[in-house]
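For reference, the structure discussed in these notes is given below.
Read the figures in this text as sums done on the coordinates, not as results from a lab. Keep in mind it's a predicted model, so treat the numbers as computed, not measured. Counting neighbours? That spans all protein chains shown, and the Cβs are built from the backbone with ideal geometry, glycine included.
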Amino acid sequence: MKHWLLKSEPESYSIDHLERDGETCWDGVRNYQSRNFMRDEMKPGDRVLFYHSNANPPAVAGLAEVSRAAYPDPAALDPKSPYHDPKASADDPRWFMVDIRFVEKLPREVPLVELKADPKLAEMLVTGGSRLSVQPVERKHFQHVLQLAKRSRGDARHG
């Protein structure tokens, strides 16, 4: 099993939306490296940190799991879609998506500033400024973020 961080702007799709829906497709990814992670490496059962980007503050907000392996993103073939890619075809889909399932909201969101301040997370891609919307996460980092989420706000500020 692998671990991932998926970024979503909460105004577009938040952990609350995923909790309500139970499951969703992770579509509209138009970065080749993120696409490759989804297409080549994500498998059902992989665990996901659901991250609210472009939020105040940006933070890990919940947990999900991959529920369906990668399959072609049909939006790439739809000329009316903002995710349309005229170079994509049914024979060469170019863009893929996975499905994810809600697991839980974290006891508290773990803000990016806290992730960056923790030396145990120094090698985590999101703390290094990676803008990828799909990022692999080492198991030790995944587990540490979960531990941080269990701390009270006061405990988090005081180490």
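Numbers below:
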| read-out | value |
| --- | --- |
| Options (1) 72, 29, 23; (2) 55, 32, 30; (3) 54, 30, 27 - which one matches Cα extents along the principal axes in Å as calculated here | (3) |
| Estimated 222 nm signal from helices in the chain, with DSSP H stretches of n ≥ 4 weighted -39500 (n - 2.57), rounded to 500 | -5500 deg cm²/dmol |
| Rounded to the nearest 20 debye, dipole of segment 3-151 from Cβ charges on Lys, Arg, Asp, Glu | 440 |
| Separation between Cα centres of segment 66-122 and segment 6-34, rounded to whole Å | 6 |
| Residues with amide H under 5 Å from that of M97, placed H, sequence gap 5 or more | Y71, D73 |
| Count, lysine Cα pairs under 23 Å in the chain, 8 or more residues apart or across chains | 23 |
| Crossing angle, helix 139-150 versus the chain [Cα axis fit, 0-90 degrees, rounded to tens] | 60 |
| Estimated vicinal HN-Hα couplings, Hz - segment 35-49 in sequence order (Karplus 6.51, -1.76, 1.60; Gly, Pro = x) | 4, 5, 4, 5, 5, 9, 10, 6, 9, x, x, 4, 8, 10, 7 |
| Candidates per GluC sites (Glu not before Pro) in segment 4-106, loop by DSSP, up to 10 other Cβ within 10 Å | E11 |
| Zero-based 5 Å bins, Cα pair distances in segment 44-131, whole percents | 3, 13, 16, 15, 17, 16, 12, 7, 3, 0 |
| Efficiency of FRET between S130 and D21 - r from beta-carbon atoms, R0 30 angstrom, step 0.05 | 0.65 |
| Contact order relative to length of the chain, as percent, for alpha carbon pairs under 8 angstrom and 6 or more apart | 29 |
| For W4, residues with placed amide H under 5 Å, excluding near neighbours | R47, V48, L49, V137 |
